[in-house]
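Here the structure is laid out as structure tokens; the discussion comes afterwards.
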Amino acid sequence: MLEPTVGRLSQTAQLAVDELYTSGLAQFARQHKRQKADDQLIRFGQMAVPLTSMAAAIIRLNTDITANARTDLTAPINAERLLGEHGLDAHTAGGFQSPEVGDQFLSRTDVWRAYGGDRNAGIIRFPGDDVVNCFSDDDSGSYADDEPSVFEPFGYRGEGLHGDQKFIRGNRRLEEALQGGSVIRFWHRPLGGAFTFLYWCAVVGRRWDRGIDADGRSRKEIVWILHKVSDPLNVEVPEHVMEVGRAEIANMNAGPGPEVKDSPSYLELRHRAIDRDPNQSRHDYLVRRPIRSRAARRAVLLRAQNKCEAPWCEGMPVDRLESGEAILEVDHVDGLAGGGDDSPSNMVALCPNCHASKTRGKYAKSWQRKLVEIARRNDSAMMQSGK
Ligand SMILES: [Zn+2]
């Protein structure tokens, strides 16, 4: 458990703090109704709690407090005084301590412990802070986002698990950042790694894409186009990137978005992954590349049918992803650096064990050669079946 940084809490306040850490910020705030949206915050370590919520918890815990004090709780000034009596210090929202680029947390729960806010949503703001945070998690199966890039604009899937994505909640926040030219924090978790505040990003554009929702249905997804910026106080985005962004926005605003239909097939996904319009400009290609690689990854997972594609696999992990899908890692058998393209014929789905053997095992070389063959064979089998 995190220790509060304020010294000498009353026993009642300590109990309230314990409850806060046990039940979670959201539950705690529900339990102890905050009075105003612009409530002052009380800080523990890097976590913040609305002043009146904490005061309400203390009042409830402390049997010595009279019914009178309960009534007075609606007046924030009294809540503040009450907190002072318990050794708690209230700060205004301005006291928020911003995370630094490179800060790491093992899980979203740990991020939440440090800064509060929603612990599941992909696009959130921390209490007392205006900046929008985007979380990208490679561990979320076929719904994972694409590799972020330092050099090129990259796509980030909008928020919303079911049905067409809309400009509400997180997506509305990103739209505000786009319109207002505000920077966002981009957080990323690589497979098996930690959530890292990777870098500041400008939101330079958005476009529609076809996607699959959590119920396996085809739907319209918003793809936000992000671009890394080095200095959040002095935002510099190359003009050609801004141009691509503006063109994508105009395009999106002009049309109703893609036609969606249930469950795209392997062939459709494969087509989306490797088809490249020869008239497409280089910048257009850069922006669309992440979207193509995502389609490739989905195609491979569809082909694998929740099973490791290594024929000598000794067994899939018993555990599953939160989404219910098998724990599989999609791997380029030929390596992107070696000219291997984002084509399903060059990719396999492997369980974590087989993936590790293929990358760093004693027989890695011969594994790789065999997997090249398997990727090609499984791909053409799918092509022939016409599914
Ligand atoms: Zn395996």
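The values are calculated or read from the model by the stated rules, or taken from the named source; none is laboratory data. No experiment lies behind these values; they were computed from the predicted model shown. Glycine gets a Cβ as well: all are built from the backbone with ideal geometry, and neighbour counts include every protein chain shown. Quick note on the areas: whole protein, heavy atoms, side chains included, nothing else; ligands and nucleic acids left out. Shrake-Rupley method; radii C 1.70, N 1.55, O 1.52, S 1.80 Å.
Go through K362, K307 for me and flag whichever is out of contact with any helix residue (DSSP H, G or I) (no Cβ under 8 Å at 6 or more places or on another chain), open to solvent by 60 Å² or more (accessible area, probe 1.4 Å), assigned by TED's automatic domain parsing to the domain that holds P264 and closer than 21 Å to L267 by Cα.
Numbers: K362 fails: closer than 21 Å to L267 by Cα.
None of the other options fit; the residue is K307.
Pick out, from the range 10-73, the helices (runs of 4 or more DSSP H) lying fully within it that include 2 or more residues that are modelled with pLDDT of 80 or more.
11-23, 25-31, 51-61
Does the range 165-185 hold any residues that are β-branched (V, I, T) and open to solvent by 70 Å² or more (accessible area, probe 1.4 Å), and which are they? Reasoning before the result, please.
If we filter the range 165-185 for residues that are β-branched (V, I, T), which is where we start, we get 168, 183-184.
I168 - this is the single residue of the range 165-185 that is β-branched (V, I, T) and open to solvent by 70 Å² or more (accessible area, probe 1.4 Å).
Looking at the range 230-250, which of the residues that are open to solvent by less than 80 Å² (accessible area, probe 1.4 Å) and out of contact with any strand residue (DSSP E or B) (no Cβ under 7 Å at 6 or more places or on another chain) is nearest to F151 (Cα to Cα)? Let's see the steps before the verdict.
Pass one, the range 230-250, residues open to solvent by less than 80 Å² (accessible area, probe 1.4 Å): 231-232, 235, 237-238, 241-242, 244-245, 247-250.
Subset that is out of contact with any strand residue (DSSP E or B) (no Cβ under 7 Å at 6 or more places or on another chain): 231, 238, 247, 250.
On the way: D231: 15, P238: 11, A247: 20, A250: 24 Å.
Looking at residues that are open to solvent by less than 80 Å² (accessible area, probe 1.4 Å) and out of contact with any strand residue (DSSP E or B) (no Cβ under 7 Å at 6 or more places or on another chain), I get P238.
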